[in-house]
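Below: the structure, in structure tokens.
The values are calculated or read from the model by the stated rules, or taken from the named source; none is laboratory data. Treat the numbers as computed from the prediction; the structure is a model and nothing was measured. As a convention, Cβ positions derive from the backbone with ideal geometry for all residues, glycine included, and neighbour counts pool all protein chains shown. What goes into the accessible areas is simple: the full protein's heavy atoms, side chains included, and nothing from ligands, DNA or RNA. Shrake-Rupley method; radii C 1.70, N 1.55, O 1.52, S 1.80 Å.
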Amino acid sequence: GAVVSQHPSWVICKSGTSVKIECRSLDFQATTMFWYRQFPKQSLMLMATSNEGSKATYEQGVEKDKFLINHASLTLSTLTVTSAHPEDSSFYICSARAPLRGATEAFFGQGTRLTVV
Amino acid sequence: QQQVKQSPQSLIVQKGGISIINCAYENTAFDYFPWYQQFPGKGPALLIAIRPDVSEKKEGRFTISFNKSAKQFSLHIMDSQPGDSATYFCAASGAGGTSYGKLTFGQGTILTVHP
């Protein structure tokens with residue numbers, strides 16, 4: 001199967017600082033990746049769609065200036081949480097389309113737990 | 001995003017029993033319906049998925065039943081085991097163009113299987 005890796009797995013940062021999360025497709029090229037946010041005991045909510053070589057598409061209500069997404073290569077997308085605040089503490093998960101035999105699977109990374117103190 | 005409604009919120013079954021989780025969707029443009037299993041602190045893992053051209057799909061102990069006219073689909077876990085205890089999410093997406101891989105998730109079901 002396709003492997004998607006996120007780094008770091010967890011991070012603690014001070015309020016007001018910025019944090020970068022990496023999402024890599026290890027054994028396939030991903031022209032499109034997705035970023036989700038999951039609060040405790042809640043479902044995954046799509047934040048944005050990351051397209052290689054172009055600007056990300058953000059879902060309604062997601063601040064694009066706060067959550068900066070860069071998809072500079074076919075195997076790497078990054079999410080930067082700028083000027084983080086405690087309410088940004090959450091589980092951030094990326095996924096990537098895996099074009100396996102024309103299937104529509106999206107494979108997920110292991111997630112990044114962000115805690116802002 | 002169009003909603004996907006999932007029930008029940010939590011489910012307790014005995015080892016060997018059948019776990020049934022239900023989902024309903026609104027957007028008729030959805031044509032790909034996966035189920036994901038998530039353990040605490042981990043990303044979701046694809047369990048099984050179905051397209052609307054079939055009414056049922058079985059993989060091992062996991063079966064999806066799909067009712068296109070009712071816009072409902074369900075996950076059945078046969079012979080449930082304690083190791084199945086996790087949170088299960090249904091999801092839906094379109095299959096073409098920009099919809100491919102863009103998932104709308106249900107609210108999740110916390111499954112507990114007692115030994």
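The conditions of being within 12 Å of chain A (Cβ to nearest Cβ) and surrounded by 14 or more Cβ atoms within 10 Å (Cβ to Cβ) are met by B:VAL4.
The condition of being touching a Cys at 6+ places or on another chain (Cβ under 7 Å) and crowded, with 17+ Cβ neighbours inside 10 Å holds for only one of A:PHE28, A:PHE67, A:PHE34, that being A:PHE34.
Reported count of residues in segment B:7-29, each being open to solvent by less than 20 Å² (accessible area, probe 1.4 Å) and within 13 Å of chain A (Cβ to nearest Cβ), is 1. If you go through segment B:1-44 and keep only what is part of a loop (DSSP other than H, G, I, E, B), under 25 Å from A:TYR58 (Cβ atoms) and touching a Pro at 6+ places or on another chain (Cβ under 6 Å), you end up with just B:ASP31.
Here the strands (runs of 3 or more DSSP E) wholly within segment A:1-102 that include at least 2 residues being of a type in the set (Val, Ile, Thr) and more than 15 Å from B:PRO44 (Cβ to Cβ) are A:10-13, A:19-25, A:76-81. Could you list, in sequence order, the residues of segment A:70-80 that are more than 10 Å from the chain's Cα centre (by Cα) and open to solvent by less than 30 Å² (accessible area, probe 1.4 Å)? A:HIS71, the sole residue that qualifies. Taking segment B:45-101 as the range and being crowded, with 20+ Cβ neighbours inside 10 Å and assigned to a loop (DSSP other than H, G, I, E, B) as the test, the residues that pass are B:SER80, B:GLY101. Here is a list of conditions, (1) within 26 Å of B:GLN6 (Cβ to Cβ); (2) open to solvent by less than 60 Å² (accessible area, probe 1.4 Å); (3) among the aliphatic types (A, V, I, L, M), and A:VAL19 meets all of them except one; can you say which number that is? Here A:VAL19 meets the rest and fails (1). Pairing each residue of segment B:14-26 that is modelled with pLDDT under 95 with any residue that is surrounded by 16 or more Cβ atoms within 10 Å (Cβ to Cβ), provided the two are 6+ apart or on different chains, yields C-beta distances under 9 Å for B:GLU26/B:VAL4; B:GLU26/B:LYS71. Among the residues of this structure, B:ILE110 counts as one that is over 22 Å from A:SER5 (Cβ atoms), touching a residue at least 12 places away in the same chain (Cβ under 8 Å), within 12 Å of chain A (Cβ to nearest Cβ) and open to solvent by 10 Å² or more (accessible area, probe 1.4 Å).
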